Amino acid sequence: MIAFLFLWSLLFLLPFVGVIADVLGCKEPVVDGGQFYPVALKSLGLAAIIAMVSIVLGAIPGKLLAQSNKPTILLLILIVPLVLPRYVQYYAWSLLLSPTTSLGKFLSGHSELAKVVGTASAMIVLLLWYWPLAGLLLARGWKNVSGTVLEAANLETTRRQRFMHITFPLLWRNIVLCFAVCFILVLSEFSTFHLAGVKTIGTQLAVLYELTGSEAVVFRAGWPLLLISVAAGYFLHRELIQTNRTEALTKRASLKAGKTEWTILGTLVFISVIMPLLILTINVRGDHAFINFVKLHSDELAGSLLGSSAAVVLVCFLAYGAKKLSHFGRWGKALRGIVYTSIFAGMLLPGSLVGISLLKTANLLAADWSRGWWMVSAGQAVRICGVALILLELSHTADDHHIREMAGVDGAGAWSRFWHIDLPRNRHFIGAAFILLLMISVTELPATMVLLGAGVPNFAQRLLNQMHYARDDQVIASCLILISVFMIFSAAAVALLKRTGRNQLFCLFASVCFLMAGCDNISDPTEANVIRMFGKTGRGKNEFVYPRAIDLDGDTLYVIDKAGRIQKISVDGEYRGEYHMPEIEAGKPTGMSVGPEGNLYIADTHYHRIVVFDSQGKMIREFGKLGENDGEFIYPTDVAFDKNGRIFVSEYGGNDRISVFDKDGCLLFCFGELGNGKNQFSRPSAMCIDPLNEVLYIADACNHRIAVYTLEGELVRYLGRLGGKPGCLRYPYDLALSEKGDLVICEYGNNRIQILSPQGQSRGVYGRAGRNAGELAYPWGVAVDQKYAYIVDAGNNRIQVWEF
């Protein structure tokens, strides 16, 4: 019990007290309430609607589960939709709305309608995930409904009267409990709304932390949620205890399910599981991405599974310890109320707040604690502990309690009672609960993204990045492999429910981890000679919000970040001014270059155009529009120039090609197409031109290579291959040409800078994942002059200046 109280204090009490202290210590709000609080009200409305509809959709599946004589298959049917993470479902359905489809093209020209469709699609996807969860929670309530009584009532009452006077009075506590669980989980939802571009509490708090890097600012903005979470946590505690005290009237309802009910269940499963899988499978364009998966993501998936397993074990210990508090008399029950409330509040709070509070606590205790894998596991534990507590409470019956009391009278200790009574009687339920918690933990994102240290492997975070940057082939492969791994765990649940050995789940899990263990290790880099660093998180002078592109004009650096702001900074770090993109609602630019005449050309990625600014920051022209025809763009990424003033534009999203224009923006020719073969690209993210040898270097990012072309579009050769060793590449996002003619390549996936000769020989690898000088977190860009390389250290919101 001492160990439990220590862990609870570390994960819940201290972070909670820290949040309260920050909220009470603030003198005035630092966010625009006129913008933030309407978003909060909208989030409450969305969460309430989704929770209520989930209850309606889950009522019949829950009834079928409660009535079944052999519930194993039905339980599997309800678990299978949970195999599909919410953002995986959204991505699958969003393939129907991509810019290359007719509907996607139409919506791109109707921004207001696109927002409505985005919100509706996000809500539908969430419903497809939450109805089985509602069904699982309602199934216990349906066991309290006597089939004999309902059959007798059929003779004298209408369906509405039976529901109002018999069914609802017996189900209402379970309905309230189900609503509370679904409501609070939707309220803190991040990834689905983020991908859909819908502003909610979960997304805006994460954005606010990204913009400011300040815990206090986020806490001040989210303090009403703290009150709501505490109140809802207390309510959930009271209702859960009361529900658990309600005895079942019969062991099982005796009514037989009709064809209509089975048809409804089949339709829900088809839409929730089969349709997304069909959409993903239909969009597979070959086995290349599946072959690359082992080198690209096996370490991330295995690391996520192991870290999440640690989180689930911690959660089980916390939930079991919290429940045992009631055995310590009146004071124990009072403490149990506090503990339960804090655990449910942690489940209610948006994940970004949970992550920030844990990070602040870790930094206060010891800074070295704040960036390891254990922080991610701790954050996931706080997020899912409430679910575990609900499952634990609902798994215990009065019969269990009676047997435990008798064992206590006979002298059995707490551990003995757990091992010989609780575990044997509930091991099948525990196995299924472990799988459910593991799936939720592996795919948890908002807290994970805050707590994830640079270089710590995490599959969910990388998968979300893939989705955001439209790496369709690799995303589809990753989604299908993730679903396959989760199916293995579902099979383990069935094996446990069929009363096979206790070690079945462990064996299957160990097999998965063994199979996923192989990867191409990253070699030890050469220490970078760091000349200087400048920049920090924020929107002030020399502050950045995830910078993503850089270019150099004499002694002036141009840096653009996700706030849509272009800053002019001297090579010594002196601020020289800034200007802003005309539109950023749909997305932010990913590339830019200074033209021969001194103008700045911006690849305005999500507005399908090239925007040109003069040296004073005035927008002087633009060219390009959405489309697949020559001269049109989907997602332009970078701009380059040859000595004749011709303009080269790279793009991805379906076209994946290079378009060449004259200096006035008139199209000359295009080359390349989507794919991984010869003369094909997969997200060409950057370019540079060697004027001496008249060749064009293209960072073919998702094919993990550098393509070398003549300036007339003829392929010369490829440099590099997928991997982490010298000469290999992993998501090369940017490149620049050194004075010696070597390529300086920024590798996003390997968190490093590599120098390649024109023939592809590695001349040096510099940097590693981390937060210190000489270390990088998701670098996006690089520019070079005669002496130094200027590196966009995006994850650390700074620019590093290195000498090689």
Residues of segment 274-288 that turn out to be aliphatic (A, V, I, L, M) and open to solvent by less than 10 Å² (accessible area, probe 1.4 Å), as a count: 1
Some residue of segment 776-788 being within 13 Å of R532 (Cα to Cα) and of a type in the set (D, E): no
Conditions (1) on the phi > 0 side of the Ramachandran plot; (2) in contact with a Ser or Thr (Cβ under 9 Å, 6 or more places away or on another chain); (3) not basic (K, R); number of the one not met by G760: (2)
Candidate set from segment 572-589 (those that are within 18 Å of V207 (Cβ to Cβ) and of a type outside the set (K, R)); member that is surrounded by the most Cβ atoms within 10 Å (Cβ to Cβ): P589
Residue within segment 590-601 that is in a strand (DSSP E or B), under 30 Å from the mean Cα position of the chain (by Cα) and within 27 Å of E803 (Cα to Cα) present: yes
Test: residue in segment 534-546 that is in contact with a strand residue (DSSP E or B) (Cβ under 8 Å, 6 or more places away or on another chain), closer than 23 Å to Y469 by Cα and among the charged types (D, E, K, R): no
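Residue by residue, here is whether (1) at pLDDT 75 or above; (2) farther than 30 Å from A794 by Cβ holds:
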position: N144; (1), (2): no, yes
position: L170; (1), (2): no, yes
position: L177; (1), (2): yes, yes
position: C182; (1), (2): yes, yes
position: S191; (1), (2): yes, no
position: K199; (1), (2): yes, no
position: Q204; (1), (2): yes, no
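Would it be correct to say that F641 is more than 30 Å from the chain's Cα centre (by Cα) and at pLDDT 95 or above?
yes
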Selection within segment 627-637 - surrounded by fewer than 22 Cβ atoms within 10 Å (Cβ to Cβ) and in contact with a strand residue (DSSP E or B) (Cβ under 7 Å, 6 or more places away or on another chain): D630, G631, E632
Helices (runs of 4 or more DSSP H) lying entirely in segment 16-111 (those with 1 or more residues that are modelled with pLDDT under 85, touching a Leu at 6+ places or on another chain (Cβ under 6 Å) and open to solvent by less than 70 Å² (accessible area, probe 1.4 Å)): 33-67, 71-83, 102-108
Every pair of residues 6+ apart whose Cβ atoms lie under 9 Å, when the first sits in segment 307-318 and is in contact (Cβ under 8 Å) with a residue 60 or more places away in the chain while the second is open to solvent by 40 Å² or more (accessible area, probe 1.4 Å) and not aliphatic (A, V, I, L, M): G307/W373; G307/W374; G307/P457; S309/F434; A310/W373; A310/W374; V312/F434; C316/F434
I522 assigned to a helix (DSSP H, G or I), modelled with pLDDT under 85 and open to solvent by 60 Å² or more (accessible area, probe 1.4 Å): no
Residues of segment 294-313 satisfying the condition of being touching a Ser or Thr at 6+ places or on another chain (Cβ under 7 Å) and either open to solvent by 60 Å² or more (accessible area, probe 1.4 Å) or at pLDDT 85 or above (or both): G307, S308, A310, A311, V312
Residues of segment 206-237 classified as within 21 Å of the chain's Cα centre (by Cα) and open to solvent by less than 20 Å² (accessible area, probe 1.4 Å), total: 2
Condition check for D690: touching a Gly at 6+ places or on another chain (Cβ under 8 Å), open to solvent by less than 20 Å² (accessible area, probe 1.4 Å) and not aliphatic (A, V, I, L, M): yes
Some residue of segment 657-665 being more than 30 Å from the chain's Cα centre (by Cα), open to solvent by 10 Å² or more (accessible area, probe 1.4 Å) and among the small types (G, A, S): yes
Set I620, I569: member being on the phi < 0 side of the Ramachandran plot and either in a loop (DSSP other than H, G, I, E, B) or open to solvent by less than 20 Å² (accessible area, probe 1.4 Å) (or both): I569
Filter result for N796 (over 23 Å from Y697 (Cβ atoms), polar (S, T, N, Q) and touching a residue at least 24 places away in the same chain (Cβ under 8 Å)): yes
Qualifying positions in segment 428-442 - open to solvent by less than 20 Å² (accessible area, probe 1.4 Å) and either among the hydroxyl-bearing types (S, T, Y) or at pLDDT 80 or above (or both): L437, L438, M439, S441, V442
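The values are calculated or read from the model by the stated rules, or taken from the named source; none is laboratory data. Only a predicted model underlies this, so the values are computations on that prediction, with no experimental measurement involved. So basically every Cβ, Gly included, is an ideal-geometry build from the backbone, and we count neighbours across all protein chains shown. Surface accessibility is based on the protein's heavy atoms, side chains included, excluding ligands, DNA and RNA. Shrake-Rupley method; radii C 1.70, N 1.55, O 1.52, S 1.80 Å.
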